[in-house]
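Each value in this text was obtained by applying a stated rule to the coordinates, not by laboratory testing. It should be emphasised that the depicted structure is a prediction, and the values quoted were computed from it without experimental measurement. In this analysis, Cβ positions are derived from the backbone assuming ideal geometry, glycine residues included, and neighbour counts consider all displayed protein chains.
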Amino acid sequence: QQQVKQSPQSLIVQKGGIPIINCAYENTAFDYFPWYQQFPGKGPALLIAIRPDVSEKKEGRFTISFNKSAKQFSLHIMDSQPGDSATYFCAAPGSARQLTFGSGTQLTVLP
Amino acid sequence: NAGVTQTPKFQVLKTGQSMTLQCAQDMNHEYMSWYRQDPGMGLRLIHYSVGAGITDQGEVPNGYNVSRSTTEDFPLRLLSAAPSQTSVYFCASSYSRQGAGGELFFGEGSRLTVL
């Protein structure tokens, strides 16, 4: 069964800082690695995803970096804002092409 | 657009009681799934369905039952509630398989407390 290890569990940065969240996965036969963002009282929503035929993907202030040989990928948030305060989940494909999620990172961006 | 609708939003049960969490989507998605979210545990897959009449177990299926009689609805049944089932439950749907690039659309969750 797929295991996804996510760190850190929580993260506090000042406005304008660059929080980095890391994930490591085990073997997978499928190449699709998304990040989901969850605000309090809401369901998660897709933030950004990467297929590792590339090592990096940017969407606005959010960047995924992917290291296939190390089986690791990370989320960077440039110029972080208080509105980015949320819980972030990484995920990797497991058996039957279902996603296995990491344990989540609670990000707080101080004004 | 309603998207994925879950009911109820909050529920308190006593140990041994049964109940059904309802989930409906209006996006004509073939794939639907149920997750539970617990502090420090992330989102864990309970059951999923790849189409009407087809269901399968996820990572933590024990104590839960599902059926998929229509494309739109995917109810989750707790057969005999236990305190370990206290959690926030999320229903999600997607156009294609999650791990193949299918974006998951989540409901707003159902918070269940079992006393």
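The table that follows gives values for the structure above.
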item	result
Relative contact order, percent, the range A:1-88 [alpha-carbon distance under 8 Å, six or more residues apart]	32
Point-charge dipole on Cβ atoms (K/R +1, D/E -1) for chain B, about Cα centre, debye to 20	380
Scattering curve values for the range A:1-109, log₁₀ I(q)/I(0), Debye with Cα scatterers, q = 0.16, 0.17, 0.21 Å⁻¹	-0.65, -0.74, -1.11
Other protein chain Cβ atoms within 10 Å, averaged over every residue that makes up B:103-114	3
Candidate lysines for bridging to A:Lys42, where Cα separation is under 17 Å - those fewer than 8 sequence places away on the same chain excluded	B:Lys9
Only Lys, Arg (+1) and Asp, Glu (-1) charged, at Cβ; the protein assembly as shown dipole about Cα centre in debye	380
Proximal charge balance of B:His29 [Cβ under 13 Å; K/R count +1, D/E count -1]	-3
Average beta carbon contacts from partner chains per residue of A:101-109, 10 Å cutoff	3
Candidates A:Gln98, A:Gln81, A:Gln37, ranked by Gaussian network fluctuation over chain A, Cα under 10 Å, top entry	A:Gln98
Gyration tensor verdict on the protein assembly as shown (Cα atoms; rounded if a/c is under 1.5, prolate if a/b is larger than b/c, oblate otherwise)	prolate
The range A:19-66 versus the range B:1-55: alpha-carbon centroid distance in Å	23
Dimensionless Rg over Rh [the range A:3-63; C-alpha; Kirkwood]	0.97
